[in-house]
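Participant: Got a structure here, written out as structure tokens. Questions coming.
Each reported figure results from applying straightforward, stated rules to the coordinates on display, with no laboratory input. Here the structure is a predicted model, which means the values were calculated and not measured. FYI the Cβ positions are ideal-geometry reconstructions off the backbone, even for glycines, and counts take in every protein chain you see.
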Amino acid sequence: MTTITGLTRGGLVWIPTFVVTLNQEKCIGCGRCYKVCPRNVFELVEYEGDEDRDDLDDDNNMVMAIANVMDCIGCGACGRVCPKSCHNHEPASLAA
């Protein structure tokens, strides 16, 4: 399969990497990825993991989740602003 590619303004080939997963076990619900995403890929949800989290506020047990994975444009901004490195990105293939 062919990987999705683009061109920079300078004409260089760029291979975008799209968000594929978000590790809620590491997420602290800071909302930085939500705020920087231009396509509303993320949403804030209640943490439903098995372990107790000392890093989450007892009154606000919220973490981020991927709401619209197909809206990701591969800019990678979410991964650059995340203080806990919760996001995993991969190149994508062109749909047939």
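Participant: Among Val63, Val45, which is crowded, with 17+ Cβ neighbours inside 10 Å and within 28 Å of Pro91 (Cα to Cα)?
Facilitator: Numbers: Val45 fails: crowded, with 17+ Cβ neighbours inside 10 Å.
Just a single option satisfies the conditions, and that option is Val63.
Participant: Also, I was wondering about something else. Pairs, please: C-beta under 7 Å, at least 6 apart or cross-chain, first residue touching a residue at least 24 places away in the same chain (Cβ under 8 Å) and in region 9-33, second charged (D, E, K, R)?
Facilitator: Note: pairs meeting the criteria are Thr17/Glu90; Phe18/Glu90; Val20/Glu90; Lys26/Lys84; Cys27/Lys84; Ile28/Asp55; Ile28/Lys84.
Participant: Shifting gears a bit: Would you call Leu56 surrounded by 13 or more Cβ atoms within 10 Å (Cβ to Cβ) and part of a loop (DSSP other than H, G, I, E, B)? Full working, then the answer.
Facilitator: Details: surrounded by 13 or more Cβ atoms within 10 Å (Cβ to Cβ): yes; part of a loop (DSSP other than H, G, I, E, B): yes.
So Leu56 passes the test.
Participant: Within region 29-52, is there a residue that is closer than 30 Å to Thr3 by Cα, hydroxyl-bearing (Ser, Thr, Tyr) and in a loop (DSSP other than H, G, I, E, B)?
Facilitator: No, there is no match, as no residue in region 29-52 is closer than 30 Å to Thr3 by Cα, hydroxyl-bearing (Ser, Thr, Tyr) and in a loop (DSSP other than H, G, I, E, B).
Participant: Scan region 1-19 for residues that are surrounded by 14 or more Cβ atoms within 10 Å (Cβ to Cβ) and of a type outside the set (Ser, Thr, Tyr) and jot them down. Write out each step before concluding.
Facilitator: First, pick out the residues of region 1-19 that are surrounded by 14 or more Cβ atoms within 10 Å (Cβ to Cβ): 4, 16-19.
Across region 1-19, the qualifying residues are Ile4, Pro16, Phe18, Val19.
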